[in-house]
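Q: My questions will all concern the structure given below.
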Amino acid sequence: MAKTSLPLAASFLLLLISSAAAADTGRLFLTVVNHCPFTVWPAIQPNAGHPVLEKGGFALPTNTHRSFPAPTAHWSGRIWGRTGCSHYNGRFSCVTGGCGDRLECNGLGGATPASLAQFDLHHGGHQDLSSYGVSLVDGFNVPMTVTPHEGRGVCPVVGCREDLLRTCPAHLQLRSGHGGHVVACKSGCEAFRTDELCCRNHYNSAQTCRASTHSLFFKHACPSTMTFAHDSPSLMHDCSSPRELKVIFCH
């Protein structure tokens, strides 16, 4: 008996290790990749009631990535890139997308204009759907795409690969300092603050909130993005059980 029990115990232990490894590889991971020729400072904001991931922000040098497990339960929120960030006199600040004076946003939102990746993970019951999309509703500051891996169903790559800073109309341009270079492209709402362009009050419905010449600038360049508040909901894609969702800057 003693001679056979040892192999059995070893086999059982190996089975436990294999099961644990399989369970871990079955988790959904979020990966942020920076292909820009400059450092990007990704920021992550959960929707109300959901946990903060990776303390809400970090630095990501050019041609590097950072991968981390998504919550195993339902989670929703957004990821965006901050640009031109620096520490000066003990203060951390960013030219675009900043969340106050913090490297780690810890649940705070970011300054507009900024390109946003939006997520709604682990919903849909037994289908385990992960929804994702890229929004330019709040303007644009850096090219961004979302790429799913190993999901089932319709799981396209979406986002905005174009550098809209080069083509942004003058009336939407955000420049650094006084007359500096273009650092972001504003939405029509941010540029003009009208109820109609911001889809507020009377215009806050699918019937009254419409595309404008400003949102169409973004749409023509990046058709797979949402460009105004009541843009097509079909632009948020439901992917079943992906293993990884990659947010890629300057893809």
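The values are calculated or read from the model by the stated rules, or taken from the named source; none is laboratory data. Values in this document were obtained by computation on a predicted structure and should not be read as measured data. All Cβ positions, glycine included, derive from the backbone under ideal geometry; neighbour counts span all protein chains shown. Protein only, heavy atoms only, side chains kept; ligands, DNA and RNA dropped before computing areas. Shrake-Rupley method; radii C 1.70, N 1.55, O 1.52, S 1.80 Å.
Q: When segment 68-92 is examined, which residues are found to be more than 17 Å from Ser130 (Cα to Cα) and open to solvent by 50 Å² or more (accessible area, probe 1.4 Å)?
A: Scanning segment 68-92 gives Ser86, His87, Tyr88, Asn89, Gly90, Arg91.
Q: Filter segment 181-193 down to the residues that are open to solvent by 60 Å² or more (accessible area, probe 1.4 Å) and part of a loop (DSSP other than H, G, I, E, B), then identify the one that is nearest to Gly110 (Cα to Cα). Reasoning before the result, please.
A: Of all residues in segment 181-193, those open to solvent by 60 Å² or more (accessible area, probe 1.4 Å) come to 181, 192-193.
If we keep only those that are part of a loop (DSSP other than H, G, I, E, B) as well, we get 181, 193.
Details: His181: 21, Arg193: 18 Å.
Only one residue tops the list, namely Arg193.
Q: Out of Val146, Val142, Val154, Val137, report the one residue that is out of contact with any Cys (no Cβ under 6 Å at 6 or more places or on another chain), in contact (Cβ under 8 Å) with a residue 24 or more places away in the chain and assigned to a strand (DSSP E or B).
A: None of the others qualify; the one that does is Val146.
Q: Ok, one more. What pairs can you find where one residue is in segment 176-205 and within 23 Å of Asp163 (Cα to Cα) and at pLDDT 95 or above, the other is among the polar types (S, T, N, Q) and open to solvent by 50 Å² or more (accessible area, probe 1.4 Å), and their Cβ atoms are less than 7 Å apart, with a gap of 6+ or different chains?
A: Glu190/Thr112
Q: So which residues in segment 114-134 are assigned to a strand (DSSP E or B) and either open to solvent by 20 Å² or more (accessible area, probe 1.4 Å) or without any contact (Cβ under 8 Å) to a residue 60 or more places away in the chain (or both)? Talk me through it step by step, then tell me what you get.
A: So the first thing to find is which residues in segment 114-134 are assigned to a strand (DSSP E or B), and the list is 116-123, 129-134.
Leu116, Gln118, Asp120, His122, His123, Leu129, listed by residue number.
Q: Still on this structure: Just checking, which of Leu216, Leu235, Leu245 is in contact (Cβ under 8 Å) with a residue 40 or more places away in the chain and surrounded by fewer than 22 Cβ atoms within 10 Å (Cβ to Cβ)? Write out each step before concluding.
A: Values: Leu216 fails: in contact (Cβ under 8 Å) with a residue 40 or more places away in the chain; Leu245 fails: surrounded by fewer than 22 Cβ atoms within 10 Å (Cβ to Cβ).
Result: Leu235 is the single residue among Leu216, Leu235, Leu245 that is in contact (Cβ under 8 Å) with a residue 40 or more places away in the chain and surrounded by fewer than 22 Cβ atoms within 10 Å (Cβ to Cβ).
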